[in-house]
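Have a look at the structure below before the remarks.
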Amino acid sequence: MSKFKFAMYWAGSCGGCEISVLEIKEKILDVDANFDVVFWPAAADFKYKDVEGYDDGFIDLCLFNGCIRNSENEHLAKLLREKSKVLVAFGSCAATGGIPGLANVANAQEIKDLVYRDNPSLDNPEGVYPQERYTMPEGELELPHMYDTVKTLAQTIDVDYFMPGCPPEAHQIATVLDVVIAALKGEGPLPAKGATIGVAPKTCCDECKRVKEEKKISSFRRIWEFLPDAEQCLLEQGLICMGPATQAGCGSRCTTVGMPCRGCYGAPEGVVDQGAKMLSTVASIIDAPTPEEIAKIAASVPDPVGTFYRFGLADSLLRRARV
């Protein structure tokens with residue numbers, strides 16, 4: 001029997017999701033035993049024309065990581081959708097927009113102005129802007145068109161499954177691969193279409209073993225300003241920890257080593273807007289008798305959008321019209 005076909009693509013992201021697949025250690029042997037890699041540009045020399053030549057549905061499993069930032073990302077998303085039986089929005093950037101989605105507080109031209117006009121580099125002191133097309137004697141060069149709005153993968157194409165995390169945890173990836181391989185062999189069912197996989201039906205806060213006392217706080221601090229108690233809840237120590245508004249699945253890796261949860265696993269089931277949920281949680285623990293004091297405490301939260309919507313702005317209720 002021939003092997004199943006595997007693909008992985010890196011769109012608007014840092015590339016950490018590519019590395020996370022290698023962190024499954026010896027489990028990578030199961031991938032090799034069951035799959036032929038037919039497209040994985042980060043790992044081998046594949047070309048877009050290779051994918052264009054495949055029949056529709058030729059790829060059995062495609063892990064697509066990264067948001068849709070530009071026209072190249074969108075083209076590959078649509079192409080891989082046509083060629084793939086099972087396509088997974090792999091990692092926070094694909095699932096909810098991720099950190100690149102924070103660019104939605106500005107448009108493309110404002111970002112270019114900031115980089116090339118307002119802060120020119122030593123390599124580009126004249127502040128020359130990149131051109132999408134440039135004619136050379138050898139032919140025309142082309143750069144992808146940068147969109148004004150960062151989109152999630154599901155805002156661009158139909159997605160079969162979502163697997164959040166920045167990046168997804170190795171043990172969750174291994175478990176999901178087992179399920180997919182069994183299903184492709186006819187030895188088990190796939191999850192319901194549209195399911196979020198690699199997570200648990202509770203919050204990161206529920207997974208965290210730190211002691212919680214429902215303590216009220218009167219100010220917020222940042223992690224570099226003090227040494228947190230090793231056992232007490234970080235939120236109750238005045239650190240913005242997204243655990244109460246983040247679905248479980250990572251094993252509370254960050255809080256275990258003294259770092260607040262950043263929210264990369266996305267909103268828990270039933271929560272429409274992760275940032276709004278966290279804002280509600282924070283409001284419930286503020287200890288202040290007057291509106292003025294409440295406002296003062298709230299003002300101590302640095303970069304509210306980046307704090308409460310670090311991984312999910314593109315998928316939140318705050319998103320603007322997409323162009």
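Listed values, structure above:
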{"item": "Distant-in-sequence amide H partners of residue 263 (H built 1.01 Å from N, under 5 Å)", "result": "242"}
{"item": "Among 233, 288, 194 the positive-end extreme of the charge dipole of the chain (Cβ point charges)", "result": "288"}
{"item": "Options 166, 317, 35, ranked by Cα towards positive dipole end of the chain, top entry (Cβ charges)", "result": "317"}
{"item": "14 Å beta-carbon shell around residue 120, net charge (K/R +1, D/E -1)", "result": "-2"}
{"item": "Leading residue at positive end of dipole, the chain (Cβ point charges), from 243, 44, 2", "result": "243"}
{"item": "Packing-based order for 193-200, 61-68, using average beta carbon neighbours within 10 Å, highest first", "result": "61-68, 193-200"}
{"item": "Gap separating the Cα centres of the stretch 40-71 and the stretch 75-92, nearest whole Å", "result": "8 Å"}
{"item": "Only Lys, Arg (+1) and Asp, Glu (-1) charged, at Cβ; the stretch 1-198 dipole about Cα centre in debye", "result": "500 debye"}
{"item": "For the stretch 305-312, 3J(HN,Hα) per residue [Karplus equation, 6.51 cos²θ - 1.76 cosθ + 1.60, θ = phi - 60°, Hz, x = Gly/Pro]", "result": "5, x, 7, 8, 10, 4, 10, x"}
{"item": "Cβ-placed point charges (K, R +1; D, E -1), dipole of the stretch 206-273 about Cα centre in debye, nearest 20", "result": "220 debye"}
{"item": "Nearby lysines by direct alpha-carbon distance to residue 216 (threshold 19 angstrom, same-chain neighbours under 8 apart not counted)", "result": "277, 296"}
{"item": "Whether the stretch 212-323 is rounded, prolate or oblate, judged on the alpha carbon gyration tensor where a/c under 1.5 counts as rounded", "result": "oblate"}
{"item": "Relative packing of peptides 266-276, 90-100, 128-138 - highest average C-beta neighbours within 10 Å first", "result": "90-100, 266-276, 128-138"}
{"item": "Globularity index of the stretch 43-189, i.e. its alpha-carbon radius of gyration over 2.2 N^0.38 Å", "result": "1.28"}
{"item": "Alpha carbon convex hull of the stretch 218-280, volume per residue in cubic angstrom", "result": "86 Å³"}
{"item": "Cα centroid of the stretch 165-191 to Cα centroid of the stretch 264-323, whole Å", "result": "32 Å"}
{"item": "log10 of Debye I(q)/I(0), alpha-carbon scatterers only, for the chain at 0.16 Å⁻¹", "result": "-1.33"}
{"item": "The stretch 137-193, dipole about Cα centre (Lys/Arg Cβ +1, Asp/Glu Cβ -1), debye to the nearest 20", "result": "360 debye"}
{"item": "Share of pairwise Cα separations in the stretch 118-161, more than 16 Å, in percent", "result": "66 percent"}
{"item": "FRET efficiency estimate (nearest 0.05) - Cβ-Cβ, residue 175 to residue 232, R0 30 angstrom", "result": "0.45"}
{"item": "DSSP-defined beta bridges in the stretch 1-198 - what % are antiparallel, rounded to 5", "result": "30 percent"}
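Every number in this text was worked out from the coordinates using simple rules, so none of it is lab data. Note that the coordinates shown come from a computational prediction; the quantities given were computed from them, not determined experimentally. We place every Cβ from the backbone using ideal geometry, glycine too, and count neighbours over all the protein chains shown.
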